[in-house]
1. Is one or more of the residues making up the range 107-121 within 16 Å of the ligand (Cβ to nearest atom) and surrounded by fewer than 17 Cβ atoms within 10 Å (Cβ to Cβ)?
2. Tell me, please, whether a residue that is more than 16 Å from the ligand (Cβ to nearest atom) and within 25 Å of P102 (Cα to Cα) can be found in the range 5-15.
3. Polar (S, T, N, Q), modelled with pLDDT under 95 and assigned to a loop (DSSP other than H, G, I, E, B) - does that describe any residue in the range 81-96?
4. Using the structure shown, decide if V209 is aliphatic (A, V, I, L, M) and surrounded by fewer than 23 Cβ atoms within 10 Å (Cβ to Cβ).
5. Just to be sure I understand, how many residues within the range 144-162 are near the ligand (Cβ under 9 Å from one of its atoms) and in contact (Cβ under 8 Å) with a residue 40 or more places away in the chain?
6. Is it the case that some residue within the range 174-189 is on the phi > 0 side of the Ramachandran plot, assigned to a loop (DSSP other than H, G, I, E, B) and among the small types (G, A, S)?
7. Please state which of the following conditions S165 fails to meet, knowing it meets all the rest: (1) within 14 Å of the ligand (Cβ to nearest atom); (2) of a type in the set (S, T, Y); (3) not in a helix (DSSP H, G or I).
8. Checking the structure you have, find out if any residue of the range 2-13 is under 20 Å from I126 (Cβ atoms) and either within 18 Å of the chain's Cα centre (by Cα) or small (G, A, S) (or both).
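The values are calculated or read from the model by the stated rules, or taken from the named source; none is laboratory data. In this text, all values refer to a predicted model and were calculated from it rather than measured experimentally. Note that each Cβ is placed from the backbone with ideal geometry, even for glycine, and that neighbours are counted across all protein chains shown.
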Amino acid sequence: MNIIQVSDYQKLSEMAAVIIAGQILRKPSSVLGLATGSTPLGIYERLVKLYQEKCLNFSQVTSFNLDEYCGLDPQNHQSYHYYMQNHLFFHINMDETKFHIPNGLAEDIEAECKAYDEKIKQAGGIDLQILGIGHNGHIGFNEPAHSFLYGTHQEILDESTIKASSRFFEDISQVPTTAISMGIGTIMEAKSILLVASEGKQEIIQKTVYGPIDPQVPASLLQLHKDVTVVYVG
Ligand code: GLP
């Protein structure tokens, strides 16, 4: 693992945006795995700026988001569809047929999950997967568990995750209790991974990077991946 400690959120955002921009410049048809949450916001802002300054071209980029809440309409302001459109897709020249987010309204969730993994495979796999991390070590929405779940699946959210997510909702009762998430296997198959963690995540980063590999800390499996960069505020 390549571990980069930075002093503040601005530096984290800059560093991560540089890594992502480098990937797109090296391979304009990159397949990116994208994350949501508050941490990537500064990164997306910088990528949009690089596009506006004509330094980056997203026309050949394909993306797959990590996860989506079950039961939220894409127009719902708390859905990850809405988040991605407003923070990134609406502001860059990405082809709208090339970005993918799991459909949390799918009638057959299992079929949706299978189809999602299939689409990633057909796209040639993910070149660079961006990850945030939850305080309990979840990546995507892979919560602490007794084993690592391989493929995209429906996840029951931890109470601590629901509580953490509630800051984006009017009321905690509005936070969905389940979500569709890429599995740990889907994530591990990415050719390279960029994990970003902002203030207050030092403890879980220590466990992830130096602790035992344990499904109770889902991110700890990243220790076995051959190309992971961790940028964290410490
Ligand atoms: C949610 C998302 C994760 C994200 C996490 C941390 O659970 N599903 O992908 O990493 O939040 O979010 P934040 O960056 O806001 O701390």
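1. no
2. Taking every residue of the range 5-15 in turn, none turns out to be more than 16 Å from the ligand (Cβ to nearest atom) and within 25 Å of P102 (Cα to Cα).
3. No, that holds for no residue.
4. yes
5. Matching residues across the range 144-162 total 0.
6. Checked against the condition, which is being on the phi > 0 side of the Ramachandran plot, assigned to a loop (DSSP other than H, G, I, E, B) and among the small types (G, A, S), the range 174-189 yields no hits at all.
7. It is condition (3) that S165 fails.
8. No, there is no match, as no residue in the range 2-13 is under 20 Å from I126 (Cβ atoms) and either within 18 Å of the chain's Cα centre (by Cα) or small (G, A, S) (or both).
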